[in-house]
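The values are calculated or read from the model by the stated rules, or taken from the named source; none is laboratory data. As the structure is a prediction and not an experimental result, all values here were calculated from the model. Heads up, the Cβs are rebuilt from the backbone with ideal geometry, glycines too, and the neighbour counts pull from every protein chain shown.
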Amino acid sequence: MRKNASGKASARISDRASDRASGRTSGGAGGEDSQGLAEGAVANVTASGPTSGSASGLDDTDRALLALVQQDGRMSNAKLAEALSLSETPCWRRLKRLEAEGVIDGYQANLNRRRLGYGVLALVQLCFGNHSDDAPSNFEAAVQHIPEVLSCHNVTGEADYFLQVVAKDLEAYGRFVSDVLRKLPGVTSIRSSLSLREVKASTRLPVAGGRGR
């Protein structure tokens, strides 16, 4: 794996994106406030089923339900049942089954990061010098507790990890790189790009056959 000697950030700043605040709701609590800090509430749908590794056991009504709650996690059971042409009790049972099976693994409000003061969205590639010791597992444990890191992926290619990071401004991001990222276990190289404009940001999974898309 080729290592990058440069740790400089090439800056791109986002016009708009949404930060995520997790918190499971029953019946879809959360959502938009008067200042627009919260942009809506959605359900988190997993990419695979709980046992077989796929969601192949879902019928068309299940998929339609998933599409609807991904669009609006605050939708009441009565409205959900009406949209699916079901009575309320069978609809509620389907929803609870999908939650119990882990197909729906939570609910969250989508927050407007710029209204919260996070003007920088960084896309960060990290490289490791040594993969044989405990550095990767220690790094993965440490990154779980850094709130500025929205996502972290172990990836193929030149880099070892790909991160999405938010910061108030470029100065704050520079401090984050030097004070946090460079001190993480095993990191030898950092390459950053900052978003100039976010074209699309979504956590919705494609649910084939869903009628609420």
Practice item. Filter segment 50-82 down to residues that are surrounded by fewer than 17 Cβ atoms within 10 Å (Cβ to Cβ) and small (Gly, Ala, Ser) and give me whichever is modelled with the lowest pLDDT. Key: 52
Review point. When residues of segment 132-175 are filtered for being assigned to a loop (DSSP other than H, G, I, E, B) and under 16 Å from the mean Cα position of the chain (by Cα), how many remain?
Key: 5
Review point. Of 118, 107, which residue is crowded, with 18+ Cβ neighbours inside 10 Å, assigned to a strand (DSSP E or B) and out of contact with any Leu (no Cβ under 8 Å at 6 or more places or on another chain)?
Key: 107
Practice item. Starting from segment 150-164, take each residue that is in the same structural domain as residue 187 (by TED's automatic domain parsing) and list its partners that are basic (Lys, Arg), counting only C-beta distances under 7 angstrom and pairs at least six apart or across chains. Key: 150/20; 158/2
Revision key, fill the gap. By residue number, the members of segment 173-213 that are within 30 Å of residue 42 (Cα to Cα), surrounded by 14 or more Cβ atoms within 10 Å (Cβ to Cβ) and either touching a helix residue (DSSP H, G or I) at 6+ places or on another chain (Cβ under 6 Å) or among the small types (Gly, Ala, Ser) (or both) are 192, 193, 195, 201, 204, 207, 209, 210, 211, 212, 213
**Study point:** Exclusive hit being touching a residue at least 24 places away in the same chain (Cβ under 8 Å), over 30 Å from residue 68 (Cβ atoms) and among the hydroxyl-bearing types (Ser, Thr, Tyr), set 192, 137, 178
**Key:** 192
Check your understanding: Quick one: is residue 95 of a type outside the set (Phe, Trp, Tyr), under 22 Å from the mean Cα position of the chain (by Cα) and either in a helix (DSSP H, G or I) or under 30 Å from residue 158 (Cα atoms) (or both)?
Key -> yes
